[in-house]
Structures are given as C-alpha cells and as structure tokens.
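Structure, as structure tokens:
Quick note: the coordinates plus some simple rules give every number you see, no bench work behind them. These numbers were taken from a predicted model, which means no experiment stands behind them. So basically every Cβ, Gly included, is an ideal-geometry build from the backbone, and we count neighbours across all protein chains shown.
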Amino acid sequence: MDKTYQPSAIEQSWYQQWEQQGYFKPYQPSLTGNGYSIMIPPPNVTGSLHMGHAFQHTIQDALTRYKRMQGHKALWQVGTDHAGIATQMVVERKLAAEGQPDRHALGREAFLDKVWEWKEQSGGTITSQMRRLGNSVDWDTERFTMDDGFYKAVQEVFIRLHKDGLIYRGKRLVNWDPKLHTAISDLEVENKDSKGHMWHLRYPLADGETTGEGKDYIVVATTRPETMLGDTGVAVNANDPRYQALIGKDIILPLVGRRIPIVADEHADMEKGTGAVKVTPAHDFNDYEVGKRAGLPMINIFTMNADVRDVAQVFNSDGSVNDDIDGTLPEAYRGLERFAARKAIVADLDSLGLLDAIKDHDLTVPYGDRGGVVIEPMLTDQWYVDAKTLAKPAIEAVENGDIQFVPKSYENMYFSWMRDIQDWCISRQLWWGHRIPAWYDNAGNVYVAHDEAEVRAQNNLADDVELRQDNDVLDTWFSSALWTFGTLGWPNLDDPEVAKRMADFHPTDVLVTGFDIIFFWVARMIMMTMHFCKDDAGKPQVPFKTVYVTGLIRDEVGQKMSKSKGNVLDPLDMIDGISLDALLEKRTGNMMQPQLAEKIGKRTKKEFPDGITPHGTDALRFTLAAMASTGRDINWDMKRLEGYRNFCNKLWNASRYVMLSVAGEEAVEAAAANGTNIAITDAMKAACGITADGQSDAVVLSLADRWIISRLQRVESEVTRHFEQYRFDLAAQALYEFIWNEYCDWYLELSKPVLWDANAPEQAKRGTRGTLVRVLEATLRLAHPIMPFITESIWQQVKALAGKEHSADSIMLAPYPVAQDALIDTEAEADITWLQGVITAVRNIRAEMNIAPSKELELLFKNGDDDDFRRAEENQTFLMKLAKLEKLTWLNDGDDEPMSVTQLVGDMEVLIPMAGFIDKDAEVARLTKSIEKLEKELERVNNKLNNPGFTEKAPAAVLEKENDKAKGYERDMVKLKEQIEKIKAL
RNA sequence: AGGACUAUAGCUCAGUUGGUUAGAGCGCUACCUUGACAUGGUAGAGGUCACCAGUUCGAAUCUGGUUAGUCCUACCA
C-alpha cells in the first residue's frame with residue numbers, strides 16, 4: 001500500500017473487473033432477495049454529464065449498491081434519450097460549422113444518417129463518464145429511446161391512445177417557434193419579464209355609429225399592434241355602459257379595410273385598458289377562445305418564420321377553410337418580419353391619426369427555451385394528448401400514497417399543475433424523433449396504425465390509393481414518459497423474459513431526479529404508466545413508489561452552472577484534475593457567444609489559478625452524498641471536496657496502519673513497491689485470531705476493542721437508517737465521524753499500547769489485531785455504497801484477515817453490515833468516555849500551560865469514586881501512553897497535595913503538579929474564567945428550577961436532568977474555588 | 001397575483017415528533033515532523049439561530065406577521 005491514497009491507480013481497473021464479472025447484473029446466483037429497481041433519468045445521448053448528473057448518479061448508485069449488498073436483485077437500468085430538438089440543433093450547427101449542406105439540402109433521410117453518425121460518435125461520452133463515476137448499471141440492457149425496441153413501445157402507445165380517443169389531431173393555436181419551425185408544449189415556453197409598450201389604437205366605427213361620448217371610433221389597447229392585420233372582431237363587456245349600444249355593430253379595420261363585428265364577451269374587462277379588446281383569434285390564446293365563443297373567423301397573417309404573409313389564411317372558428325373573406329394583406333407589410341411590421345404599422349396608424357396613445361408597459365414575453373426567440377401563437381394542425389383524462393388516476397396515486405415524493409413538499413407542486421393540466425401538444429415539426437404512425441390519403445383522411453400495410457389492411461384500401469405518412473415526430477417527452485416499462489421490454493409481454501422482468505422490476509422502487517422536470521417527465525410518466533401497466537388484479541401500476549427530488553448543483557456563489565456563465569464543472573475534472581490551460585480551453589473554446597470568452601477566462605483564472613488537482617471518484621461521490629440534504633440546492637464547494645479527499649486518505653492510511661500491524665512493514669512496503677496486494681499468509685491470519693482451519697484462536701478483547709465494536713454497531717444501524725430515509729448527508733456524516741473521530745483518532749491510538757507492548761499477552765494482541773481488521777472490514781462494507789473504489793481496494797486486502805475470505809469475491813456482493821445489539825457494550829462506552837475525558841483534560845492543561853507535548857508528566861487523581869478508581873486502575877497503560885505520563889498517582893483523603901494545575905473530569909479532579917512553574921495570575925485567571933462560565937450556566941438552570949411552572953409541568957426526566965446539572969455545576973465551582981484559594985495562598 | 005422553499009460560526013451546511021453549554025467540515029490562532037497519515041496531530045477562538053409578536057414552564061424548532069433571497073405557476077387589451 002502506498003503512503004498516500006492514489007485514486008487514479010485503482011479506480012479504472014476495479015470498474016473493469018466488476019463489469020467483466022457481471023456484478024452489475026440483477027440476476028446472479030448470490031442475489032436471492034426481491035427485485036429492486038431504479039431507472040436512470042436518461043441523459044441526452046449527445047451530451048455529457050455535468051455535476052447534477054454526478055450528484056443524481058451518486059445517489060442512485062449508492063441505493064443500488066446498498067440494496068444489492070442486502071441481497072436484492074438490484075437493477076439500475078441505464079439508457080440515453082434522443083432529445084429531439086436539442087440533438088437536431090446540435091447536428092445542424094455542426095453541419096453549418098463544417099460548411100456542409102444544411103438539412104433541407106440534404107433531405108430527411110440523409111440528415112437523419114448524419115444524426116445517427118453523430119450519436120455513434122458522441123454517445124460514448126456519457127457511458128464512459130458513467131463508468132468513471134463507478135455507476136453499477138446493468139449495461140447488458142442499456143436502452144436508447146430511438147432503438148427499434150423502444151420505438152415499438154412508443155408506436156404501440158400512440159396507437160392505443162388514439163384508439164381510446166385520448167390522442168386526437170386538430171387545428172389549434174400552438175406555441176410556435178419561428179426559428180426552429182416547430183410547435184412546442186406550454187412547458188417549453190419560458191416567460192421572461194420585459195419592458196414594452198401598450199399602444200392605444202382607434203378603430204373607426206362603421207355605418208356612422210358613435211360611442212356614448214359621441215366619438216366615431218373605439219379605442220383598443222394592445223401590446224402587439226402588428227397582429228391587427230388578423231383582427232376579426234372587437235370584444236366589449238356586455239355590462240359596459242360605454243359600449244353596450246355598439247354590440248352587434250361593425251368596425252372598419254384600419255389599414256386592411258375589413259369590416260369586423262363588435263361582440264360581447266366576458267374576456268373584456270371593464271376595468272382594464274380601454275374596456276375594448278381587439279380580437280385576433282389566430283395569434284393570441286385568449287382571443288382564440290373569444291373567437292370560438294363568438295364564432296369569429298381566424299386569420300393567420302404570419303408565415304412559419306413569423307413574417308407577414310402575402311395573403312392571410314382564413315379559417316372559420318371550427319377550423320374549416322373560409323373562402324368568403326379575402327385574405328389579401330396590405331402590400332406595404334408583406335414579407336416584413338414581426339417586429340418590423342409592428343414599427344411600420346404603428347407609424348402608419350399614427351400618420352392616419354389613429355394612434356391614440358403609447359404607454360410604457362411591463363409584460364412577460366414568451367420565449368422558446370431552445371430556440372431563444374419569441375414564441376408566436378400559430379394556427380396549425382397538431383396532435384394532442386387528452387391529458388385531463390390521464391391525469392385523474394395519476395393525481396389519485398399521489399393522493400393515496402402509492403407514490404411518495406421526497407421531500408413531500410413537491411407533491412403540492414405536482415398537484416397544482418396536474419389539477420389544471422392542459423392538453424399536451426405532442427407533435428413536433430422535426431426530423432429527429434419518433435415519426436408519428438399516422439397516414440393520410442389524398443382526401444385528407446387520417447389512419448393510425450403500425451405501418452402502411454396495416455393501414456391498408458385495416459381500412460380496405462387498395463394498393464393504388466396514395467398514402468403518405470405524417471411528417472412530424474413526437475415530443476421527446478412522449479417517449480421518455482414510457483421509460484420505466486419501455487426499458488423492460490414492454491409491450492412484448494408474451495416474451496417470458498419480458499414478463500419476468502416486468503414482474504421483478506415494475507413498479508420501480510425510486511426515481512431520482514431534479515424538480516425541474518417534475519412536469520415534463522415525472523408527471524407524464526405517471527400518467528402513461530398507469531394507463532398502460534396493470535397488475536394482476538387489473539389495478540393501474542405506478543411507475544415508481546418514491547420520487548426522490550434533488551436540488552440543483554450551483555457554483556460556489558449560488559449561481560446556476562451554465563456554459564454562457566462559464567462556471568460549469570465537469571465531474572471528470574474533479575476526479576482526474578485538470579490544468580488551468582485545459583480548463584480555459586474547455587470553458588471558452590467552441591462558444592456560442594465568443595464575446596463572453598474573456599470574462600469567463602478571467603473568472604476561471606481567478607477561481608482556479610493552478611487548475612484543479614485530482615480528487616478521485618470516491619471523494620467526489622462522498623462530497624455529493626454529504627451535501628445531499630433533501631430538496632435543497634447545493635452550492636458546490638471545492639473545499640468540501642478537498643476535505644473529503646483527505647478523508648479518503650485518512651481511511652487509506654488507517655488501513656495501512658492495520659496492515660502494518662498485521663502483516664509487518666516488510667510485506668507492506670514490498671507490496672507497495674511492486675504495486676501488488678500484500679500476500680496474506682496463514683501466520684498473518686493467525687495473528688488476527690484466525691487459525692488455518694478457519695477456527696478462531698483464543699483472543700482477549702481489551703476495553704478499547706469492546707468499545708469500538710460497540711460503536712460499530714451503532715454506526716451500522718445509523719447509516720442503515722439514513723439510507724432508508726434517503727438522508728445521504730447524514731449517512732456520510734455518520735461514516736465520517738466514526739472513521740475519523742472514533743476509529744482513527746481513538747481506537748488506532750488505543751491499539752498501540754497493546755500492540756507495542758512486548759509484555760502484552762499474545763491473546764490480547766490477537767484480540768486487538770482481530771478487532772482492528774474486523775471493524776475495518778465491516779466499515780468498508782458500510783461505506784461501500786458511497787465510496788465504491790477505495791472500499792473495494794482495501795477490502796480485498798483485509799477480508800481474509802477478517803475471516804471473510806470466502807464471503808464474496810467483491811465487496812459489491814458482500815453482505816451489508818447489520819448491527820447486533822448484543823455487541824453493544826454500554827459499560828465499555830462509558831469507560832472510554834471517561835478515559836477520553838482524562839486524556840483530553842491532560843492535553844488541555846499541556847496546551848494552556850505551554851508544556852511541550854514531548855514532556856512526560858506526572859498525574860494525580862483526587863476525589864474519585866469507585867468507578868473512577870477502577871477505571872484508572874484498569875486503564876493505566878492507555879493513560880500513560882495517550883496522555884504521555886511518566887507517573888500516575890491516586891490521592892487519598894489527607895494525602896499531601898503538591899501545587900498543581902487542575903481539570904475536572906466528572907466529579908474527579910485531575911492534577912498536574914507544577915511546583916515552581918505556575919504563573920499564579922494566569923492560573924487564577926484561567927480558573928476564574930471557568931467559574932464564571934459555570935456561574936452563568938448555574939444561573940440559567942436555577943432560574944428554571946425556581947420556576948414553579950417548570951417544576952410542576954416539566955417531565956420528571958427533564959427535571960432530574962436539570963437538578964443533576966445544577967448539582968454538578970455547584971460541585972465543580974466549589975472545587976475550582978478551592979483551587980484558586982490554594983494558588984493564591986502560594 | 002397565488003404558491004413553494006430558504007435565512008444557524010468568516011464560508012458551505014447539519015440540527016430527526018419543542019427540554020444540548022446550538023454542532024460538522026473548511027478557514028482562522030497557538031503548539032507539534034511522536035514509528036498509518038502534514039491530504040497529518042493536539043488544544044483553542046468564533047454564533048442575540050434574519051427581524052417582530054404570540055403559544056408554552058420552556059422555542060433555532062410550533063403559529064402569525066415583516067424583511068431579504070431563490071424558484072414555480074398564472075395573468076398581463
């Protein structure tokens with residue numbers, strides 16, 4: 001074993017071995033428990049993993065390893081997502097950057113070939129990252145959402161939903177991304193606040209009508225004046241006295257000259273604006289509804305680029321084509337881009353005297369989250385899922401606890417969205433994705449089936465009837481909504497293999513994901529799964545029993561990590577380290593906004609002047625686990641990572657000490673020099689109390705041995721409890737505390753007096769060596785789910801010494817520790833607490849009196865009780881060694897007491913004789929300070945005890961505790977005061 | 001506009017059904033290369049638990065309000 005922990009030296013090779021041995025498979029002989037499954041949230045196949053992934057993967061892997069060690073058939077299902085828009089955009093950009101023909105020049109098929117090429121080329125990034133993170137996923141069943149098998153599930157779902165009437169096609173207003181030329185769902189729209197204007201426009205009344213005030217026009221207010229070209233009405237409130245008389249009259253639409261009606265509609269709010277609303281059903285969601293209610297036609301004035309058309313498309317309110325209205329648009333605006341058209345139209349209205357006012361106005365503007373341009377509500381034919389129907393059982397499943405969110409507060413978020421859910425637009429005008437299994441004939445009939453042949457067969461269509469498949473693909477989230485069961489082989493339930501997997505792994509146990517995709521993904525998975533998966537009794541199956549919602553990983557100042565901010569951290573750079581130059585290149589190279597490069601470079605140089613040093617996977621994972629308090633965002637802290645890397649080193653070195661103690665320096669150093677494991681001999685095993693035939697040899701356990709074994713039981717049950725409650729932070733903390741503050745700081749030190757004492761009996765040495773090894777071995781298993789590599793690496797060394805040679809070939813498959821109450825030794829714990837108290841008291845005196853740590857001291861005990869006496873007797877060796885004493889004396893009443901410095905340990909006084917060295921004033925000051933502290937505490941406690949309300953109402957246990965405290969403080973004060981008197985008397 | 005979450009040491013965070021002298025890591029101070037580890041050891045300093053009121057014998061913890069921050073949903077003629 002090397003002197004320091006070198007993560008890079010071992011991590012990869014262990015992962016390879018695990019994978020080759022098939023240890024990640026859920027079906028293997030040693031796993032006899034029930035199925036346990038986690039489906040990975042599939043990352044974008046062409047992307048790479050960021051810290052958020054590393055975080056979620058740590059949790060998923062920890063859970064999987066934990067359950068696997070408990071003997072469950074643990075499946076962590078792995079896979080990637082095709083990520084429609086994102087991937088298509090990446091490839092288009094790449095083609096452009098390489099000067100290749102764009103997708104329209106290439107054509108659909110050739111373009112898709114390019115996408116597949118890109119997927120093949122970049123798809124390995126994620127899987128190799130996952131291997132580096134130590135993820136114990138079942139690679140054998142890896143899925144990609146565009147795989148044939150998965151496409152089958154997608155198709156099947158679409159067809160069945162269509163048959164059930166839960167998918168329909170319609171001409172509706174959708175969120176249209178004019179840059180990407182596709183519809184997107186409500187969720188993909190990002191609303192951003194912006195400062196804009198409100199234009200008040202005068203709309204002249206037809207037929208010489210006038211308003212109540214005698215004006216021959218109505219003023220409408222709008223934030224989007226350009227849409228007036230598509231106005232088909234003006235709405236007023238039926239109760240509005242200003243306009244009541246005008247309902248049913250007409251307006252001559254300026255610039256266009258179209259005659260449009262004034263209608264009554266509740267949407268018009270008398271209090272808002274001018275009380276009159278222009279109605280543009282084809283370009284505004286509210287107007288669309290008004291138009292439907294009032295039967296107003298819908299006039300689409302924009303092209304798919306959101307430029308003004310030459311001739312508008314006119315539809316009736318039911319979506320049918322309207323030939324009566326002339327769609328011709330004024331020549332002046334044709335071909336103008338939206339915002340140019342706005343300028344022109346406002347200017348023209350102004351010059352016509354029709355611009356009543358312009359007011360500043362704060363509004364929120366919808367942007368496409370991918371394309372980044374303003375969304376245009378656009379009238380198009382799209383496919384929709386009837387979400388309301390599907391949502392009903394999905395809401396119930398959370399209400400009745402079949403699905404639980406951790407933390408629970410996210411349930412409210414889920415409910416509020418689900419109870420007001422809108423139909424889901426699932427068609428996308430993209431090429432990369434699952435093509436919609438629908439065909440059209442020339443008469444416009446729609447047929448939904450698996451393929452063209454099936455369409456013909458089912459509908460008795462002759463071969464010469466021309467059919468063409470829908471050009472659109474499905475929203476990526478439509479396919480990922482099927483993830484939990486699609487990955488298991490659904491719908492091929494006739495395949496016994498699939499049926500078995502469904503039975504073993506569905507519903508899955510827990511979904512680990514971010515709150516940002518609860519609507520996008522979690523909710524839709526619940527809806528789809530419950531519609532398609534039923535248990536034997538026909539009851540809808542939930543996709544998962546628990547949703548563990550993680551927070552976001554932010555940078556050290558709480559900013560979201562993003563490429564444009566240049567604060568992204570690659571988990572692999574945490575693991576392997578990276579030079580400043582390479583990091584700069586990573587952050588500033590190949591940017592979409594090169595102008596930011598300088599700022600990012602500066603920031604990076606300041607933050608990482610020397611790049612990043614390697615920390616290893618285990619340290620990264622431990623850090624992520626330690627910071628995983630539920631539902632909270634995490635501000636990433638390199639210092640924390642460093643601290644936990646040191647922790648790994650601590651564990652490594654503790655193990656090194658154990659091996660040195662058992663195997664001897666020669667064997668350890670030789671193995672380190674050769675880079676091999678230490679060859680474990682029978683003699684070494686015997687030294688730990690294991691005889692050649694595997695039987696235990698006679699051992700005697702010291703107090704320290706019994707103590708650490710007892711503490712081990714406690715940390716075992718603690719860590720287990722925390723895993724069960726998804727408190728990875730607490731689990732990590734418990735491990736840290738035990739390993740560092742108990743095992744290393746105390747137990748290893750306490751083992752030295754035994755092992756280094758030439759006179760100590762061999763049974764005692766065996767007992768201590770055996771305990772060193774066994775406690776370490778169990779601790780490694782306990783920590784393995786969080787830190788897989790270092791634990792495996794050490795475990796392979798110690799398992800034989802701990803008598804676990806044949807328990808498993810890998811720690812991965814070794815049983816998870818179970819606490820044994822019988823091994824809890826409260827007496828030993830109390831004794832060690834006492835011992836620690838005495839040792840700390842001596843060290844404290846040393847520090848305060850500036851006594852060199854190397855100087856051996858004389859120690860006197862005074863006023864101890866029987867327990868103190870016994871403990872002092874029994875633990876002389878420990879005391880002498882750890883407190884560095886030369887002499888230990890028990891003072892009886894009446895014994896001569898040399899001038900000393902004192903500390904209290906319980907009721908007992910610990911004295912260090914300091915004749916001639918005591919700085920009187922300093923010592924008095926020190927003691928006075930202690931007394932003052934006690935006085936304050938005593939006052940607090942006495943206030944409580946003198947309060948009748950407290951003494952009458954507080955539980956007896958609390959009362960007793962306070963009483964004890966008070967007595968203790970008083971006693972201590974008396975002793976300290978005596979001491980002061982003695983010093984003063986010098 | 002509605003809702004959620006957060007506010008604890010210089011920094012990053014714990015604090016489990018109200019009863020602790022409010023904890024950890026990092027950082028800081030002093031001392032120490034003692035035969036696992038300087039990625040270390042020992043001993044320390046450091047907090048009016050955002051603010052105000054209330055409930056209670058007792059509040060970091062429960063209730064209401066205020067302030068600040070983060071986020072979500074909705075609306076915006």
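Please state the shape class of segment A:825-918: rounded when a/c is under 1.5, otherwise prolate if a/b exceeds b/c and oblate if not, all from the C-alpha gyration tensor.
Details: a/c = 1.91, a/b = 1.32, b/c = 1.45.
Since a/c reaches 1.5 but b/c is at least a/b, the shape of segment A:825-918 is classed as oblate.
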Q. What is the distance in Å between the Cα centres of segment A:724-762 and segment A:295-340?
A. 77 Å
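Give me the tail of P(r) for segment A:28-161 as a percent: Cα-Cα pairs with distance above 18 Å. If you can, show how the numbers build up before the last one.
Numbers: 5530 of 8911 pairs.
When all Cα pairs of segment A:28-161 are counted, 62 percent exceed 18 Å.
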Q) Peptides A:160-170, A:564-574: what's the order by average Cβ count within 10 Å, highest mean first? A) A:564-574, A:160-170
**Q.** Ranked by how many other beta carbons lie within 10 Å on average, peptides A:74-83, A:970-979 from highest
**A.** A:74-83, A:970-979
(Q) Report, to one decimal in Å, the Kirkwood hydrodynamic radius for segment A:248-392 based on all distinct Cα pairs. (A) 17.3 Å
Q: Amide H neighbours of residue A:309 under 5 Å, at least 5 residues apart or on other chains, H built in the peptide plane: list them.
A: A:302, A:303, A:335
Q: Scan around residue A:375 for amide H atoms under 5 Å from its own, H built in the peptide plane at 1.01 Å from N, and keep only partners 5 or more places away or cross-chain.
A: A:367, A:368
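What shape does segment A:723-792 take by its C-alpha gyration tensor, where a ≥ b ≥ c are the square roots of the eigenvalues and a/c under 1.5 counts as rounded, a/b above b/c as prolate, and the rest as oblate?
On the way: a/c = 3.47, a/b = 2.40, b/c = 1.44.
Cα axes put segment A:723-792 in the prolate bin.
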Q) If you take the charge dipole of chain A about its Cα centre, with +1 on Lys and Arg Cβ and -1 on Asp and Glu Cβ, which of A:903, A:158, A:341 is farthest toward its positive end? A) A:903
Q.
I want the antiparallel fraction of DSSP beta bridges within chain A, as a percent rounded to 5.
A. 70 percent
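Net charge within 10 Å of residue A:576 by Cβ-Cβ distance, Lys/Arg positive one each and Asp/Glu negative one each, not counting residue A:576 itself? Let's see the in-between values first.
Working: positive: A:132; negative: A:11, A:570, A:573.
Net charge around residue A:576: -2.
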Q: Averaging sequence separations of C-alpha pairs under 8 Å and six or more residues apart, then dividing by the length of chain A, give the relative contact order as a whole percent.
A: 11 percent
Q.
Could you give each residue of segment A:892-898 its phi-based ³J(HN,Hα) in whole Hz, using Karplus coefficients 6.51, -1.76, 1.60 with θ = phi - 60°, and x for Gly or Pro?
A. 9, 3, x, 5, 5, 10, x
Q: Kindly identify chain A as rounded, prolate or oblate by the Cα gyration tensor criterion: order the square roots of the eigenvalues as a ≥ b ≥ c, call it rounded if a/c is under 1.5, otherwise compare a/b with b/c, prolate if a/b is larger, else oblate.
A: prolate
**Q.** Burial order of peptide ranges A:18-24, A:356-362, A:476-482 (average beta-carbon count within 10 Å, highest first)
**A.** A:476-482, A:18-24, A:356-362
**Q.** Average Cα contact separation per residue, segment A:272-320, under 8 Å, 6 or more apart, as relative contact order %
**A.** 28 percent
